[in-house]
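This report refers to the structure that appears directly beneath it.
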């Protein structure tokens, strides 16, 4: 099943798109910078009777659209660190015997 098929099934079951869920989550007071996947998933399961996989598809859509941040970015921001990828260190060549 493709990601779009997941979203289509969610729309068929609930009548809502990811954009709709964003608005609903905002009205419910869930859409905050501290929102975690587990909080959104629990809400989607309880209020919309979605299964775990479909709820995670909504979370993935929120992340892809930039509506929520990945936890590593939040942790790094709180610690004042950058999340930019460090350049890999060169691998030292092994000495031949």
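Could you tell me how many of the residues in region 41-70 are without any contact (Cβ under 8 Å) to a residue 24 or more places away in the chain, under 9 Å from the mean Cα position of the chain (by Cα) and part of a helix (DSSP H, G or I)?
Going through region 41-70 one residue at a time, the tally reaches 4.
Considering every residue within region 29-41, establish whether at least one is farther than 19 Å from residue 67 by Cα and modelled with pLDDT of 95 or more. Steps first, answer last, please.
Start the filter on region 29-41 by keeping residues that are farther than 19 Å from residue 67 by Cα, which leaves none.
No.
Anything in region 3-40 that is in contact (Cβ under 8 Å) with a residue 24 or more places away in the chain and not in a helix (DSSP H, G or I)? List them, or say none.
16, 31, 33, 34, 35, 36
Checking residue 77 against (1) surrounded by 13 or more Cβ atoms within 10 Å (Cβ to Cβ); (2) more than 14 Å from the chain's Cα centre (by Cα); (3) modelled with pLDDT of 90 or more, which single condition isn't satisfied?
Checking residue 77 against (1) surrounded by 13 or more Cβ atoms within 10 Å (Cβ to Cβ); (2) more than 14 Å from the chain's Cα centre (by Cα); (3) modelled with pLDDT of 90 or more, the one that fails is (3).
The values are calculated or read from the model by the stated rules, or taken from the named source; none is laboratory data. These numbers come from a predicted model, not from an experiment. Because the Cβ atoms are built from the backbone with ideal geometry, glycine has one as well, and the counts that use them run over all protein chains shown.
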